[in-house]
1. Hey, does region 57-70 have a residue that's of a type in the set (Asp, Glu) and touching a Leu at 6+ places or on another chain (Cβ under 7 Å)?
2. Quick one: how many residues across region 12-31 are open to solvent by less than 40 Å² (accessible area, probe 1.4 Å) and within 11 Å of Ala86 (Cα to Cα)?
3. Outside any helix (DSSP H, G or I), open to solvent by 10 Å² or more (accessible area, probe 1.4 Å), of a type in the set (A, V, I, L, M) and in contact (Cβ under 8 Å) with a residue 24 or more places away in the chain: which single residue out of Leu60, Leu90, Leu65, Leu38 fits that description?
4. Can you tell which of Thr202, Thr209, Thr161, Thr175 is closer than 30 Å to Leu47 by Cβ, surrounded by 15 or more Cβ atoms within 10 Å (Cβ to Cβ) and among the polar types (S, T, N, Q)?
5. With the structure loaded, tell me whether Ile9 is of a type outside the set (S, T, N, Q) and surrounded by fewer than 18 Cβ atoms within 10 Å (Cβ to Cβ) or whether it fails that test.
6. If I filter region 108-155 down to residues being open to solvent by 60 Å² or more (accessible area, probe 1.4 Å) and acidic (Asp, Glu), which single residue comes out as farthest from Thr96 (Cα to Cα)?
7. Quick one: is Gly18 assigned to a helix (DSSP H, G or I), under 30 Å from Thr129 (Cα atoms) and free of Cβ contacts under 8 Å to residues at least 12 places away in the same chain?
Amino acid sequence: AVPIFAQTILGLTAQETGLLLMPSALCSALLMPFAAKLVNRYDPRTLLAIGMVILIFAMLQLGKLSPDSGEPNIYWPLIIRSFGTALMFLPLSMATLGPIPKHDISKASGFYNLTRQLGGSFGVALLPTLLERREAFHRAVLVESLSRSDPHVTQRVAMYTQKFLSLGFTGPDATAHAHKLLDVGVSMQAAIISFGDCFWVTSFLVACTVPLVFLLGKPPRGLHVDAGH
């Protein structure tokens with residue numbers, strides 16, 4: 001959802017969006033060796049739960065995006081999210097595959113990778129659908145709240161009309177363009193609110209799975225990993 005928000009709401013190009021996401025990706029990669037040391041010293045289930053809490057916090061911060069939000073409002077939550085993901089990948093693998101007997105590890109690893117791929121595919125499919133439906137819902141609510149008798153609406157339309165008149169449009173054309181510009185603003189606001197809904201839903205789903213972490217098995221003592229695995 002973050003790349004879509006950056007390109008559709010902030011108007012960033014694909015390259016600018018990539019540069020916005022790059023620091024968090026690099027931060028997550030640099031934190032992997034540190035996470036490997038932690039997972040060799042502490043219960044990976046505890047580290048996984050901590051990483052999920054950090055991820056929830058980052059999603060809640062992204063859920064506060066508004067029309068006035070800029071790149072810094074996305075940059076720092078993504079950096080925070082990188083700390084959470086760094087504490088999730090290795091501990092998740094350890095907690096999932098660590099208790100498995102060695103003769104079953106290949107089968108368990110294949111099934112584990114399959115579930116990760118399916119989970120990612122479902123997420124990619126569901127989030128755009130949720131975004132589209134929430135955007136349609138919020139747009140309907142916002143349009144319904146607009147009224148010709150509302151002084152704020154009439155003032156905004158009059159301001160837009162004067163702007164178009166100053167650009168050389170005739171009276172009817174200026175009014176028509178003013179209403180179109182107001183409609184664009186409503187669509188933009190609905191889109192921003194729907195992005196916030198997606199981030200809130202994501203944080204809620206992650207929060208619901210935190211207690212399930214401690215149902216995973218505890219890896220045997222003496223099992224070590226490094227950041228390269």
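The values are calculated or read from the model by the stated rules, or taken from the named source; none is laboratory data. As the structure is a computational prediction, the values presented were derived from the model and not from experiment. Here the Cβ is made from the backbone with ideal geometry for all residues, glycine too, and neighbour counts use every protein chain on show. The accessibility values were calculated without ligands, DNA or RNA, using every heavy atom of the protein model including side chains. Shrake-Rupley method; radii C 1.70, N 1.55, O 1.52, S 1.80 Å.
1. no
2. Final tally of qualifying residues: 4.
3. After applying the criteria, what remains is Leu65.
4. Thr202
5. Judged against the criteria, Ile9 is a match.
6. Step by step, filter region 108-155, then rank; the result is Glu144.
7. Numbers: assigned to a helix (DSSP H, G or I): yes; under 30 Å from Thr129 (Cα atoms): yes; free of Cβ contacts under 8 Å to residues at least 12 places away in the same chain: yes.
Here the answer is yes, as Gly18 does meet what is asked.
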